[in-house]
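For reference, the structure is listed below as structure tokens.
The values are calculated or read from the model by the stated rules, or taken from the named source; none is laboratory data. Everything numeric here is computed off the predicted structure, so don't read it as measured data. Cβ coordinates were reconstructed from backbone atoms using ideal geometry, including for glycine residues, and neighbour counts include every protein chain displayed.
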Amino acid sequence: MLLGTVLSASAFVTNIQRQTRFSIRLNSISTNTNPFSSLFDFFKPSSLETFDNDEQKLKSKKVIQDYINQLNDRVDPQFLGRYFTEDARMVDTAFYNPIEGKEAIIRHFYLNQGSSPLATLSKDSKDMIVVDNIAALEGKVSVLYHLEDENNGEKIQDSDSISFYTLENNLISSVYDFVEPESPKPGDSGLKLLRIVSKLIGRQTDQRNNTVAMVDSTSTNPEFKAVEKYFDAWNRRDMKAAITCFSEDVKLRDTQYTSAFGNKSELEKHLLNVADCLPGSFEFVIDDIADDGENIGVRWHVESNQKELAFTRGCSFYTLDRSTGLIKTGIEIPERAPPKPKPGPVKTIMGKFAAEPIRYIPATMWLAYMYIVFFSDGILPGANALSLEQRTWEEVRDLSINFFLVSPILNLPFAPTVHPMLEGVFNLLLAWAAMFAGFLSDERKIKPNVFDFGPAVIGMQFLTSAFLLPYLFLRTSEKNEEGIGIVYKEDISGTVQPVIAEWKPLGLFLGSVGTGSIFWAFMGRPEFGEFSERYSTFMDLLSIDRVGSSFLVDLAIFALFQGWFIDDDLLRRGVQKQEMLVLRNTAKFIPFFGLAAYLTLRPELPTRKDD
């Protein structure tokens with residue numbers, strides 16, 4: 001077990017008690033000496049009801065088997081959505097947070113393919129999900145599985161997993177997935193730490209015994225199976241009672257360890273060691289159980305003083321010996337504790353870099369940009385951002401008030417006086433950043449990004465390249481060469497985004513703003529003199545100004561990376577790589593004006609009503 005393994009929750013045992021009392025009451029009344037026995041027999045579970053339960057169990061099992069087959073077939077995630085209820089919940093323990101709702105689950109599938117088996121398998125992967133065993137009950141299915149290499153049939157190291165599904169009307173309403181810890185296994189290292197913790201906080205045996213007292217009366221209930229007795233014994237730290245729940249040749253694997261415990265003697269030694277290390281307040285609480293008579297899947301978590309501990313969930317899977325009813329095999333998989341080694345989000349991002357190493361260019365540039373612009377001393381003039389220099393914030397405030405030159409052109413009384421060349425560079429940069437909104441079709445339901453493009457475009461209005469560069473190395477590339485086909489306006493996420501992204505005058509309008517900013521830099525505010533004079537004073541300003549010099553860095557980055565969107569944008573419009581070369585190359589290689597021309601002249605995305 002993880003730190004021992006599973007313990008039954010008082011709530012779970014109370015539920016078993018209610019079911020058992022009801023069953024005993026019917027059995028005691030319905031006897032051959034009772035004249036009303038035939039009447040009471042009518043209310044007892046019939047063979048027909050048993051058949052119905054078996055049929056429902058088979059249906060639940062088949063739904064999950066079909067779902068796993070679809071994962072192995074690499075079907076489109078949109079198709080997988082039909083297996084889930086609208087409010088389904090997925091806990092993929094390769095990730096830190098649960099995924100709530102069918103739409104979020106589908107997005108998770110698209111975004112994180114290959115990051116974990118539950119996040120679907122990537123199309124270029126040769127991994128296959130191989131089911132080792134299934135415990136199925138009506139509405140509950142626990143699956144023990146591992147991954148194999150499709151080419152050679154070899155098992156993938158450290159891939160043993162247990163998933164636990166609940167179903168409503170033959171649709172998945174929740175799923176939890178637990179994958180064994182990666183090698184090297186932690187082994188007894190966690191126990192040693194817990195032994196120290198246990199000494200510090202005390203054993204608290206009195207409190208523990210009081211907790212289990214109310215469930216102790218059920219521990220000898222004949223309706224209880226070996227697994228339930230095992231949990232109950234663990235609750236009481238009665239390892240002698242716990243070990244009687246196992247067959248002599250039991251093979252139990254705690255995935256915290258490299259190898260399984262191969263017999264009853266080895267397992268007993270392990271259980272005694274764990275019980276000695278565990279704080280007295282710790283309990284393993286059952287959340288759900290799938291029991292088909294021979295195979296039993298259990299989902300659980302750990303509590304201390306009846307409060308759930310973070311990152312202590314897990315799943316176990318047991319098989320019983322038919323002749324004795326004792327546990328003959330078992331595997332126990334805990335949730336990986338943080339910091340999780342290679343968690344799902346990291347695998348998602350690294351997978352993008354592995355598929356397209358060119359992403360290292362904007363990633364490296366972003367790291368350099370963040371250091372040089374915000375934190376360095378001596379590379380760019382002026383104080384770094386950590387200095388919180390008042391003059392810097394005043395300059396940013398004044399430039400913001402003169403946004404798109406509206407205030408100075410209208411000669412508004414509150415418009416501050418700023419060097420016209422600095423104003424020109426600032427507003428040209430903002431117009432350029434706003435122009436990237438023409439690529440909002442890069443964010444769609446079936447093509448989500450780790451970093452949503454909508455917030456990225458908004459962030460670019462404030463911190464420019466600090467938002468553009470991470471979006472470039474985190475974004476999902478367009479891949480419709482396999483027949484996904486044309487993208488429609490309705491496919492763009494949100495209601496405002498498609499209007500902005502496909503607004504034809506966008507390029508012309510922002511191109512005009514940028515052009516006006518350039519004219520303003522050379523001709524605005526006559527009091528700053530002719531070109532030579534204003535240029536000289538502008539250079540003097542840049543020699544001490546961190547903000548102004550960073551604007552020039554941003555202009556260079558925008559010029560370098562504006563073409564990264566073009567090929568994908570044309571692809572979703574049905575334009576192949578060798579088509580519209582003039583417009584394509586103009587957009588890629590002519591800074592600012594080439595992008596403005598592209599947004600004005602590119603083909604429109606169709607709407608579905610046009611079809």
| request: Would you check if there is a residue in region 244-264 being in the same structural domain as residue 189 (by TED's automatic domain parsing), surrounded by 17 or more Cβ atoms within 10 Å (Cβ to Cβ), over 23 Å from residue 226 (Cβ atoms) and touching a helix residue (DSSP H, G or I) at 6+ places or on another chain (Cβ under 9 Å)? | output: no
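From 432, 503, grab the single residue that is assigned by TED's automatic domain parsing to the domain that holds residue 565 and in a loop (DSSP other than H, G, I, E, B). Steps first, answer last, please.
Values: 432 fails: in a loop (DSSP other than H, G, I, E, B).
Result of the check over 432, 503: 503.
Can you find even one residue in region 369-380 that is under 30 Å from residue 92 (Cβ atoms) and in contact with a helix residue (DSSP H, G or I) (Cβ under 7 Å, 6 or more places away or on another chain)?
Taking region 369-380 first, the residues under 30 Å from residue 92 (Cβ atoms) are none.
No; the residues of region 369-380 include none that is under 30 Å from residue 92 (Cβ atoms) and in contact with a helix residue (DSSP H, G or I) (Cβ under 7 Å, 6 or more places away or on another chain).
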| For residue 414, which of the numbered conditions (1) farther than 21 Å from residue 523 by Cα; (2) buried (at least 23 other Cβ atoms within 10 Å of the Cβ) fails to hold? | (2)
| task | Tell me, yes or no, whether region 266-273 has at least one residue that is within 25 Å of residue 93 (Cα to Cα) and buried (at least 18 other Cβ atoms within 10 Å of the Cβ). | result | no
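Are there any helices (runs of 4 or more DSSP H) wholly within region 176-252 with 1 or more residues that are of a type outside the set (D, E, K, R) and at pLDDT 90 or above, and if so which? Quick ask: steps written out before the conclusion?
Numbers: elements: 189-201, 205-216, 226-235, 239-243.
Of the helices (runs of 4 or more DSSP H) lying wholly inside region 176-252, those with at least 1 residues that are of a type outside the set (D, E, K, R) and at pLDDT 90 or above span 226-235, 239-243.
Anything in region 354-372 that is at pLDDT below 95 and outside any loop (DSSP other than H, G, I, E, B)? List them, or say none.
Going residue by residue through region 354-372, those that are at pLDDT below 95 are 354-356.
Selection gives 354, 355.
Tally time: how many residues in region 244-258 are among the β-branched types (Val, Ile, Thr) and under 18 Å from residue 161 (Cβ atoms)? Quick ask: steps written out before the conclusion?
Restricting attention to region 244-258, the residues satisfying the condition of being among the β-branched types (Val, Ile, Thr) are 244, 250, 255, 258.
Filter once more, so that each one left must be under 18 Å from residue 161 (Cβ atoms): 255, 258.
Residues meeting the conditions: 2.
How about region 148-175: which of its residues are charged (D, E, K, R), assigned to a loop (DSSP other than H, G, I, E, B) and surrounded by fewer than 20 Cβ atoms within 10 Å (Cβ to Cβ)? So that I can check it myself, show each step before the final result.
At the first step, the residues of region 148-175 found to be charged (D, E, K, R) are 148-150, 154-155, 158, 160, 168.
Then keep just the ones that are assigned to a loop (DSSP other than H, G, I, E, B); that gives 150, 154, 158, 160.
Within region 148-175, 150, 154, 158 qualify.
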| field | Single match in 345, 334, 420 (criterion: outside the structural domain of residue 132 (by TED's automatic domain parsing), touching a residue at least 24 places away in the same chain (Cβ under 8 Å) and within 30 Å of residue 117 (Cβ to Cβ)) | value | 345
| Is there any pair linking a residue in region 58-87 that is outside the structural domain of residue 173 (by TED's automatic domain parsing) and assigned to a helix (DSSP H, G or I) to one that is loosely packed, with under 13 Cβ neighbours inside 10 Å and at pLDDT below 95, with Cβ under 7 Å and at least six apart or on different chains, and which? | none
| query | Pick from 459, 438, 494: which is within 34 Å of the chain's Cα centre (by Cα) and assigned to a loop (DSSP other than H, G, I, E, B)? | reply | 494
| message | Given the criteria in contact with a Gly (Cβ under 8 Å, 6 or more places away or on another chain), modelled with pLDDT under 90, under 17 Å from residue 95 (Cβ atoms) and surrounded by fewer than 22 Cβ atoms within 10 Å (Cβ to Cβ), does residue 340 qualify? | response | no
| How many residues are in a strand (DSSP E or B), surrounded by fewer than 15 Cβ atoms within 10 Å (Cβ to Cβ) and among the basic types (Lys, Arg) if we restrict to region 95-147? | 0
| said: Where the second residue is of a type in the set (Gly, Ala, Ser) and not in a strand (DSSP E or B) and the first is modelled with pLDDT under 95 and lies in region 317-331, which pairs have Cβ atoms under 6 Å and are six or more apart or on separate chains? | reply: 325/226
| request: Name every residue in region 275-304 that is within 23 Å of residue 249 (Cβ to Cβ) and crowded, with 23+ Cβ neighbours inside 10 Å, in order of residue number. | output: 296, 297, 298
| request: Restrict the check to region 384-392 and report whether at least one residue is crowded, with 20+ Cβ neighbours inside 10 Å and either in a helix (DSSP H, G or I) or touching a Leu at 6+ places or on another chain (Cβ under 7 Å) (or both). | output: no
| task | Scan region 491-526 residue by residue and report those that are under 24 Å from residue 428 (Cβ atoms) and of a type in the set (Val, Ile, Thr). | result | 500, 513, 515, 518
| Applying the selection to region 304-350, what residues are on the phi > 0 side of the Ramachandran plot and among the polar types (S, T, N, Q)? | 305, 306
| query | Within region 558-567, is even one residue in the same structural domain as residue 591 (by TED's automatic domain parsing), within 16 Å of residue 369 (Cα to Cα), free of Cβ contacts under 8 Å to residues at least 60 places away in the same chain and crowded, with 16+ Cβ neighbours inside 10 Å? | reply | yes
| Criterion: within 26 Å of residue 469 (Cα to Cα) and among the aromatic types (Phe, Trp, Tyr) - qualifying residue of 538, 565 | 565
